[in-house]
Amino acid sequence: MSGLIYIYKRTFINRLKKALRKPVTYVYLAFGIIYLLMMFSGFGTMFSAWNLASPQGLVTILSVSVLFFLPTNMITYAKRKGLLFLPSDVHFVFTSPVQPKLVLLYVQVKQFLISFLVSGLFTWVGVSYFKIAVWKMILYFLLSFIVENVLETSLMIFLYGNERFSEKTVKAMCKSLYLMIGVLVLFAGYLYFVQEKSFTAVEVFLNHPFVQCVPILGWNIAFIRLLILEPTTLNVICTVLYCLSAAGFLITVVKMKCTGDYYEDAMKFADDYQEARNKQKKGETTFRIGRMKKFKKASVTYKGSYAKAIFYRQLLEYKKQRFFIFGSSTIVCLIASIVIAYAVYQTPDMNTGMMKYFLLPGAGAYITFMFSGYLTRWSKELENPYTFLIPDTPLRKLMYSTLIEHIRSLIDGCVLVIPAAVFMGLPLLNIILAIFLYMCLQANKLYFSVLSEAVLGDVLGNTGKTILRMAGQMLMITLAVIVAAAVSIFSNITWGFLAMCIYALVVTAFVAVGGSTAFSKMEVS
Amino acid sequence: MLEIQNLSKKYRKVLAVDDVSFVVPDGKVGILLGPNGAGKSTIIKSIAGLLRYQGGVGIQHMQAKSMDAKKIFGYVPEIPAMFEALTVGEHIEYIRRAYKSDITEEEVQELMARFELDDKLDKMGNELSKGMMQKVSICCALAIKPQVILFDEPMIGLDPKAIKELKLMITELSNKGVTVLISTHMLDMVKELWDVMFIMEKGKILSSFTREEAADRDIEELFFSITGGKTS
């Protein structure tokens, strides 16, 4: 045990010392404090606007978080995937003479700290914004922190460390949890559509005896209601059951035999998680940790050599993908197009004047900006030594590494613009220009990413690069809007549109040339 | 002594290790040889308690998963993983605390000097190269002062000086009565070290020899005569 405490202590001290030595820490800290202050200052207005600024409102928020987090945590624990062990834990902790149950607690300590902070935050928020008595919130803080953590930790050890359940039993447990969630969702749907077609349906749902009687999950909600609202026969009984179940599980896990069978699953998850983390550091998104990606069979004919080969290799990779070059961005574009068409149908005023012509480009700019943290296949090229060994110019390498992304944005642009534009009755020239502008914005985003890699390299982390990228894009979009507005005022909207496209193209070309240095030597990245 | 009794391990439907039994006596160096995918690492990880398995593993006549067995057991994995925010010195200190090891400061200094880590004590885990991580991993396993130690492909990533030192260290451990098991496919590296050899293929032990039984036969010749390959 002293070894585990030593790891925590030294890790904390070393990380703190390292962070304090970095100037960027203070920048992030300042941003963090400003963000928190802004968030807290907006809380009052937000809770009042949503009719939540009352004890009942806090109960609703806490209950919804219980409904969301508790079952998902239980399912991940049952699958032995909820705890984040590191490969170093596998190497040095799993093999050491420490009881496997203690090893589970060692990882859960981080969760305790988060829970302590969150409970503290809710206590303060409860007093400040929800008009709840201080003593009530202190009682809530103490009891919820203790009972909820005892129960969740005991359940976690029970599900992770139990060596009597077969794989089939665990699967059945997960299925029953999904079934329970399904029943609750159906019940909530029933209340919404049949009884109360408004936001108050949530309160009706949480107040319902059926929900509060659901073992553990509902009992937890009853426990919150008893602490913050007032005692009722139902919530007192359910709270007693909740506390008894916490005590029962605690006794069970203390007595339970655990020799470390879970190490195998934890080790696999640690490796998969580490891999996902490494991918995330490179800007890739992993949706399903640990799932082996399946590829289709495909072939491609290389119609060119040198840097062109990069394009054909990427094409081959995309052909092997399940959905070819179509990704989540295509779905986002389609949804945006439908939403715009629906909004125009609901509010015909949106389809008049400047708004008619700039609604779709605005949506395109918004999508481009909001999804700017997501890197695509081109970024992998910078990690591949063969990219740098190909005997061709950096600009051509950049061009062919990113060509397929332009084709993707052309398709996404068509998906975003055409359905809504046809519905809105936009002229063909404006449709073409809107698609072209979307392509330019996407290309601009892409080349700003390349440029930030080339300029910053390892100087700043991913967050720093993202900030630079977003700042560049924001500046470019703002200037594009000014250019369009200026030209529109002096001539007409179509010319304004065209000017915006030309401006975006020129800026993109400059950024591309600047970014191409990233392809000149591997050291930069 | 290290005893493996009827060890079997399945990964879903794939049988990785099939009813394997062997013994490495006290103070002997056992080598587990076999091509890629033979099941060597699975056996090593099972002994280290990282996998679920069927059968039994005994360390000095104790169940391998018992706390008493773990206290006298050292493990050097194929791919070392350091605590990113702990220095090399702090890794050793952690081992000292976790195992209640009685290794002295002088012994630590000597160990570090032998693996040329004495000037790297303040380096963080995430600042180390793969070779350095492997050296730290070896030093940590040795800092336990184990009675049984497992090495999974220990030479990979090490520089020639460290390989030479490791070989010398293994011989010294053996002379002190420590049981050593090395899993490798680098036959040349373990040529002079072994006392007992287990040759594996497709999850089974095809053959085992003591050095006396092998007499003057070369390790490569022995290996390929069993696995059916050709000597270089």
* Structure fact -> Note on the stretch B:10-55: residues away from chain A (no Cβ under 13 Å) and closer than 19 Å to A:T259 by Cα are B:I43, B:G55
* Structure fact -> the stretch B:131-232: strands (runs of 3 or more DSSP E) wholly inside it with 2 or more residues that are under 25 Å from B:L50 (Cα atoms), of a type in the set (S, T, N, Q) and in contact with a Leu (Cβ under 7 Å, 6 or more places away or on another chain) are B:179-184
* To do: Could you tell me whether any residue of the stretch B:201-215 is buried (at least 21 other Cβ atoms within 10 Å of the Cβ), of a type in the set (V, I, T) and closer than 22 Å to B:V24 by Cα?
  => yes
* Asked: What number of residues in the stretch B:46-56 are out of contact with any Asp or Glu (no Cβ under 7 Å at 6 or more places or on another chain) and touching a residue at least 40 places away in the same chain (Cβ under 8 Å)?
  -> 6
* In the stretch A:80-114, residue nearest to A:N162 (Cα to Cα) [restricted to those that are away from chain B (no Cβ under 14 Å) and hydrophobic (A, V, I, L, M, F, W, C)] -> A:L104
* Among (1) within 14 Å of another protein chain (Cβ to nearest Cβ); (2) small (G, A, S); (3) assigned to a loop (DSSP other than H, G, I, E, B) - the single one A:A53 does not satisfy -> (1)
* To do: Look through A:T376, A:T368, A:T393, A:T463 and report the one residue that is of a type outside the set (G, A, S) and at pLDDT 85 or above.
  => A:T393
* To do: Please verify whether the stretch A:195-213 includes one or more residues that are crowded, with 22+ Cβ neighbours inside 10 Å and touching a Gly at 6+ places or on another chain (Cβ under 6 Å).
  => yes
* To do: Could you please tell me which pairs satisfy a Cβ distance under 6 Å, a separation of 6+ or placement on different chains, a first residue in the stretch A:396-407 that is more than 15 Å from A:S379 (Cβ to Cβ), and a second residue that is assigned to a helix (DSSP H, G or I) and of a type outside the set (A, V, I, L, M)?
  => none
* Residue check for A:Y106: among the aromatic types (F, W, Y) and within 21 Å of B:M67 (Cα to Cα) -> yes
* **Filter result (under 28 Å from the mean Cα position of the chain (by Cα) and surrounded by fewer than 15 Cβ atoms within 10 Å (Cβ to Cβ)) within the stretch A:182-194** => A:G182, A:V183, A:V185, A:L186, A:G189
* Asked: Would the stretch B:65-78 turn up any residue that is within 9 Å of chain A (Cβ to nearest Cβ) and closer than 30 Å to A:K17 by Cβ?
  -> yes
* To do: Please enumerate the residues belonging to the stretch B:29-38 that are out of contact with any helix residue (DSSP H, G or I) (no Cβ under 8 Å at 6 or more places or on another chain) and within 12 Å of B:F198 (Cα to Cα).
  => B:G30, B:A38
* **Single unsatisfied condition, A:V150 versus (1) within 30 Å of the chain's Cα centre (by Cα); (2) within 14 Å of chain B (Cβ to nearest Cβ)** => (2)
* Exclusive hit being assigned to a helix (DSSP H, G or I), away from chain B (no Cβ under 14 Å) and either at pLDDT 80 or above or on the phi < 0 side of the Ramachandran plot (or both), set A:G304, A:G248 -> A:G248
* **Candidate set from the stretch B:101-151 (those that are within 14 Å of chain A (Cβ to nearest Cβ) and of a type in the set (D, E)); member that is surrounded by the fewest Cβ atoms within 10 Å (Cβ to Cβ)** => B:D122
* Would you kindly identify the strands (runs of 3 or more DSSP E) lying entirely within the stretch B:29-109 that contain at least 1 residues that are closer than 24 Å to A:L102 by Cβ and either in contact with a strand residue (DSSP E or B) (Cβ under 9 Å, 6 or more places away or on another chain) or polar (S, T, N, Q) (or both)? => B:54-59, B:73-76
* Structure fact -> Those residues of the stretch A:308-329 which are touching a residue at least 60 places away in the same chain (Cβ under 8 Å) and either assigned to a loop (DSSP other than H, G, I, E, B) or over 30 Å from A:I390 (Cβ atoms) (or both) amount to A:I325, A:F326, A:G327
* Test A:I75 against the criterion of being in contact with a Leu (Cβ under 8 Å, 6 or more places away or on another chain) and either outside the structural domain of A:I216 (by TED's automatic domain parsing) or surrounded by fewer than 19 Cβ atoms within 10 Å (Cβ to Cβ) (or both), and give yes or no. => yes
* To do: Could you give me the residue pairs with C-beta distances under 7 Å whose first residue belongs to the stretch B:99-120 and is closer than 13 Å to B:G89 by Cα and without any contact (Cβ under 8 Å) to a residue 12 or more places away in the chain, whose second residue is of a type outside the set (D, E) and surrounded by fewer than 17 Cβ atoms within 10 Å (Cβ to Cβ) wherever it lies, and which are 6+ apart or on separate chains?
  => B:D118/B:Q109
* When only residues in the stretch A:224-244 that are more than 30 Å from the chain's Cα centre (by Cα) and crowded, with 19+ Cβ neighbours inside 10 Å count, which is nearest to the other protein chains (Cβ to nearest Cβ)? -> A:Y242
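So which helices (runs of 4 or more DSSP H) are wholly in the stretch A:110-220 and hold at least 3 residues that are over 28 Å from A:Q56 (Cβ atoms)?
Result: A:149-161, A:167-190.
The values are calculated or read from the model by the stated rules, or taken from the named source; none is laboratory data. Values in this document were obtained by computation on a predicted structure and should not be read as measured data. No Cβ is skipped: glycine too gets one built from the backbone with ideal geometry, and neighbour counts run over all protein chains shown.
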